[in-house]
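Here the structure comes first, spelled out in structure tokens, and everything after it is commentary.
Computed from the coordinates by the stated procedures, all read-outs in this text should not be read as laboratory data. Quick caveat, the model's predicted, so the values are computed rather than measured. As a convention, Cβ positions derive from the backbone with ideal geometry for all residues, glycine included, and neighbour counts pool all protein chains shown.
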Amino acid sequence: MILQIIFSVVNFLLIVFLLYKVGGPKVSQLLRAKHEENRLALEAAETAQAEAAKELASYRDRLANVDAELAEIVSKAKQVATQAASDIHQNTEADAARLKQHAESEIAREKANAQLAIRQEIMRQAVAAAEAEMRRSMNADTQRKLVATFIEKVGDGSCAIKL
């Protein structure tokens, strides 16, 4: 009985380990791909910011007397870069949270399935053991007594089936 329980626990742990090994790399790969995508987008934003800074210097050289217009251009470029970085950061966090939540729910579902399977196996084995014990301990005399008791109860109506 204990050996069967240990075997069931080992099976459960093996299932959890396999889920971790099979699902873990996929989740990790998805996170790495998203991280790389975000890194490239951030580099593009930095490049755009650098280009905006170059353009600002060019305008200063050509239009030294238009300080107010240049200040507005710089402000907009910084705002766009800050907003882009903020959007990228928010999107990355949201994607990571969704992936984590999905992985956690998948793990919980698999754990529940494994626990149910273990419970069913334990119940099946308990019923089989009880049946084997009954068969082992049942002799002809005991069977006659059970049949006689049943017939008595049927005769007095205590075992009658009620519709």
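Summary of computed values
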quantity: Structure-based [θ]222 nm, the chain - -39500 (n - 2.57) summed over DSSP H runs of at least 4, per residue, nearest 500; calculated: -34000 deg cm²/dmol
quantity: Highest-fluctuation residue, 148, 128, 94 considered, GNM on the chain with Cα pairs under 10 Å; calculated: 148
quantity: Kyte-Doolittle mean at least 0.0 and Cα axial length at least 30 Å: DSSP H helices in the chain; calculated: 2-62
quantity: Computed Kirkwood radius, in angstrom, where 1/r is averaged over Cα pairs of the stretch 74-163; calculated: 20.4 Å
quantity: GNM flexibility winner over the chain from 15, 73, 107 (Cα, springs under 10 Å); calculated: 73
quantity: The stretch 2-156 - percent relative contact order, Cα under 8 Å, separation 6 or more; calculated: 34 percent
quantity: For the chain, built as a Gaussian network whose Cα springs stay under 10 Å, the top-fluctuating residue of 77, 52, 140; calculated: 140
quantity: Label point at residue 26 placed 7 Å out along Cα→Cβ; residues across the stretch 78-118 whose backbone nitrogen lies under 12 Å; calculated: 103, 106-107
quantity: Kirkwood estimate for the stretch 1-137, i.e. one over the average of 1/r between Cα atoms, Å; calculated: 20.6 Å
quantity: Theoretical FRET efficiency, 1/(1+(r/R0)^6), r = Cβ-Cβ of residue 1 and residue 43, R0 41 Å, to 0.05; calculated: 0.10
quantity: Whole-Å distance, taken between Cα centres, linking the stretch 94-113 and the stretch 32-90; calculated: 37 Å
quantity: Inter-label distance for residue 119 and residue 72, nm, one decimal - labels placed 7 Å from Cα along Cα-to-Cβ; calculated: 6.9 nm
